[in-house]
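The values are calculated or read from the model by the stated rules, or taken from the named source; none is laboratory data. Small disclaimer: the values here were computed from a predicted structure and weren't measured. Don't worry about glycine lacking a Cβ; one is built from the backbone with ideal geometry, like all the others, and counts go over all protein chains shown. Side chains are part of the model used for accessible areas, which takes the heavy atoms of the whole protein and leaves out ligands, DNA and RNA. Shrake-Rupley method; radii C 1.70, N 1.55, O 1.52, S 1.80 Å.
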Amino acid sequence: MANDPLEAFVTTAIGVRDLKMHYGDFAAVDGIDLEVTTGEILAFLGSNGAGKTTTIEILEGFRKRTSGEVEVLGVDPERAPLSWREQIGIVLQESEPVPELTAGEAVRMQAAYYENPRNPEETLELVGLTSSADHRTRKLSGGQKRRLDLALALVGDPELVFLDEPTTGFDPTARRESWGMIEALRDIGKTVLLTTHYMDEAEHLSDRIVVIGAGKILARGTAEELADQVNAQTRISWKPDAADPRPPDRLGARVDPSNGQAQIDTKDSLVSLHELTNWATEMGVSLPELNVARPTLEDVYLQLTEGHER
Amino acid sequence: MSAFRRVLHQLKFDLLIFRRNPAATFFTVVLPLIFLVLFTSIFGNNTLDNGAKVSTLYVPGILTLAIVSATTVNLAITMTTRRERGMLKRTRGTPIPPWVFILSQMLAGAVIAVAMTVIISVIGRVVYGVSLQFETLPSLAISLVLGAMSFAALGLAMTVIISSEDAAPAVTNAIMLPLYFISGVFLPSDQVPDWVSRIGDLFPVSHMNMALQESYNPFADGAAWPWDHWLVVLGWGLFGAVVALKFFRWTPNR
């Protein structure tokens, strides 16, 4: 038995070691290590072709890997019995509901595939589809179809939910709605692995982010930790008047010729700002449009994936 | 849930899906009835020596058409569509055993075949005086269930060679339409050249047709057991089942 009392509570939902998936000479996944803890939401962030979907399909048991060790809920997906699927919910990137059925019928049909399903009506309510339950699925809007996808993934009451690009192609309102539903999954204690190529989605929804590019993991951690890893700098900017004196060189200011903006990129924004305002007060410079911008995850992501596109 | 109840549950939904699919119901229910009306209008509905109506002879071909439409054609098209649109992949991601899902598709074909036989026989009887022999009912039931399940297995096997949703109706009809003509479904076998019907006899449609003819033969006395035709249909059905079990794909071809 474990000596560490925490070990009883912190368990691994997904464990991956040195996962490789080769198609001929092409390495779609090139040696990935991954660990997802029970109850966390982990975002798998990367551009198209980075290896996200290949990896998630191996974890879902749809694809056989070239090499490496994979355990999902304690079982190797390649050798998992059907009962393993009782605990797993999947939202595929592209999957339509059966057009001849209503939303309610589709959920009831799928519920019976599981030993201990959730109540279908409650599941429809959870995703906000109660009022469309009697509509044929072909009549549902894109956003409603995606909600039905989620209802179908949840009706078996799984421990672990895979979401492959759950909001790709959504308008901003539909995305916000979906985010709310994914956050609700955390509240009911589900473990979630989601793939996305939207930085804001990863930052908003996940406890941890894993950045993947060209089949390799480039970085992992919380959004803040990722920012630290790339030495992301805060940018102080203002719009100087033509008559203003030049700030001293030690501030490291430069002028962006495209918009005439003066910029200071700094690791230590507090000190830089202090020196800048001291100098400005002494010289009687007003620093119009002064702005302090923290690095966005997008900046971090672009730095991380630079040179890893394909 | 027991395996039996799982199959019944899936069957209920598969029949519902079939009923709501306009193409499937047209080719399975409406078109055969149109053929019944057409055949009796074109070829007439004379009275035979023994007092039976000629329309009785049209029924087996029309039933064969209904059964093949409901099973081979319907499944080849809808299962390809459901595969390419990710519906089958979603199903494969759940704990339902694949054989439950596949058996349900085959049983749905059998239920539809029996229902269509009742509909066409009753309408044929009332409107055109089609003769029905109650002694051949057990044989008819075997032909329907065996035939529907075999042709359903062949439909599932055909999805293996169909690469896309768009190709599905074309490939299916390119195979089935000529078969109808050389198998005595549209034209009586004695009106096509001998070598043509001999080619037709290599395939199961012709034997399904002949097995049903035994049940609707107005000159027959007593029950008929068309073992030879059943064996050919069953052989093709088993071939289809083996191909389907070995090569059936659940994930899109893209």
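Here are the numbers for the structure shown:
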item: Mean separation of Cα contacts under 8 Å (6+ apart) over length of segment A:85-145, as relative contact order %; result: 43 percent
item: Residues A:D228 and B:L245, FRET efficiency given R0 of 51 Å [Cβ-Cβ distance, rounded to 0.05]; result: 0.40
item: Acute angle (nearest 10 degrees) that the helix B:31-43 long axis makes with the longest principal axis of chain B, alpha-carbon atoms; result: 20 degrees
item: Euclidean distance of C-alpha centroids, segment A:263-310 and segment B:107-169, integer Å; result: 75 Å
item: Size of electric dipole in segment B:108-212: Cβ of Lys, Arg +1 and of Asp, Glu -1, about Cα centre, debye, nearest 20; result: 180 debye
item: Loop-located trypsin sites (Lys or Arg not before Pro) in segment B:1-60 whose Cβ has at most 16 other Cβ within 10 Å (DSSP); result: B:R20
item: Relative contact order %, segment A:1-131, counting alpha carbon pairs below 8 Å whose residues are six or more apart; result: 19 percent
item: Label zone at A:T12, where the point sits 7 Å out along the Cα-to-Cβ direction: segment A:28-54 residues whose backbone N lies under 18 Å; result: A:31-43
item: Beta bridges per DSSP with both ends in the protein assembly as shown, % antiparallel, nearest 5; result: 65 percent
item: Candidate residues B:S164, A:S286, B:S139: accessible-area rank, largest first, probe 1.4 Å; result: A:S286, B:S164, B:S139
item: Rg/Rh ratio calculated on Cα atoms of segment B:122-254 (Kirkwood radius); result: 1.03
item: Size of charge dipole - the protein assembly as shown - debye, nearest 20, with Cβ of Lys, Arg +1 and Asp, Glu -1, no other charges; result: 1940 debye
item: Segment B:66-109: projected area of the alpha-carbon convex hull, averaged over directions, in nm²; result: 2.9 nm²
item: Reachable aspartates and glutamates from A:K139, criterion Cα separation under 13 angstrom, eight or more residues apart if same chain; result: A:E96, A:E100
item: Two-site label geometry, A:K139 and A:H274: point separation in nm, points 7 Å out along Cα→Cβ; result: 6.7 nm
item: Summed buried accessible area for B+A [probe radius 1.4 Å, Å², rounded to 100]; result: 2600 Å²
item: Values of log10 I(q)/I(0), in the order q = 0.15, 0.19 Å⁻¹, for segment A:113-172 under a Debye, Cα-only, solvent-free model; result: -0.47, -0.73
item: Chain B: calculated mean residue ellipticity at 222 nm from DSSP helix runs of at least 4, using -39500 (n - 2.57); result: -22500 deg cm²/dmol
item: Sequence-distant aspartates and glutamates (8 or more away, or on other chains) whose Cα lies within less than 15 Å of A:K190; result: A:E40, A:E86, A:D157, A:E159, A:D207
item: Computed [θ] at 222 nm, deg cm²/dmol, chain A (DSSP H ≥ 4; -39,500 (n - 2.57); rounded to nearest 500); result: -8500 deg cm²/dmol
item: Charge dipole (the protein assembly as shown, unit charges on Cβ, about Cα centre) - positive-most of B:I120, A:S47, A:T173; result: B:I120
item: Kirkwood hydrodynamic radius of the protein assembly as shown, from inverse mean 1/r over distinct Cα pairs, in Å; result: 28.0 Å
item: Label-point separation, A:D187 to B:D166 (7 Å along Cα→Cβ), nm; result: 4.5 nm
item: Unit charges at the beta carbon, dipole of chain B: most positive-side option, B:G61, B:T251, B:A223; result: B:T251
item: Within straight-line cross-link reach of A:K20, aspartates and glutamates at Cα separation under 20 Å, skipping those fewer than 8 residues along the same chain; result: A:D30, A:D33, A:E35, A:E57, A:E60, A:E69, A:E71, A:D76, A:E78, A:D164, A:E309
item: For segment A:1-120, accessible area per residue (1.4 Å probe, heavy atoms of protein chains only), Å²; result: 45 Å²
item: Alpha-carbon centroid distance for the pair segment A:82-147 / segment B:1-70, whole angstrom; result: 33 Å
item: Across A:K64/B:K246; A:K64/A:K216; A:K145/A:K216, pairs whose alpha-carbon gap is larger than 29 Å; result: A:K145/A:K216
item: Top of A:G61, A:G260, A:G74 by mean-square fluctuation, Gaussian network on chain A, Cα under 10 Å; result: A:G260
item: Size of charge dipole - chain A - debye, nearest 20, with Cβ of Lys, Arg +1 and Asp, Glu -1, no other charges; result: 600 debye
item: Rounded if a/c under 1.5, otherwise prolate or oblate - segment A:25-96, Cα gyration tensor axes; result: rounded
item: Per residue Cα convex hull volume in Å³ - calculated over chain A; result: 195 Å³
item: Percentage relative contact order, chain B, counting C-alpha pairs under 8 Å, at least six apart; result: 27 percent
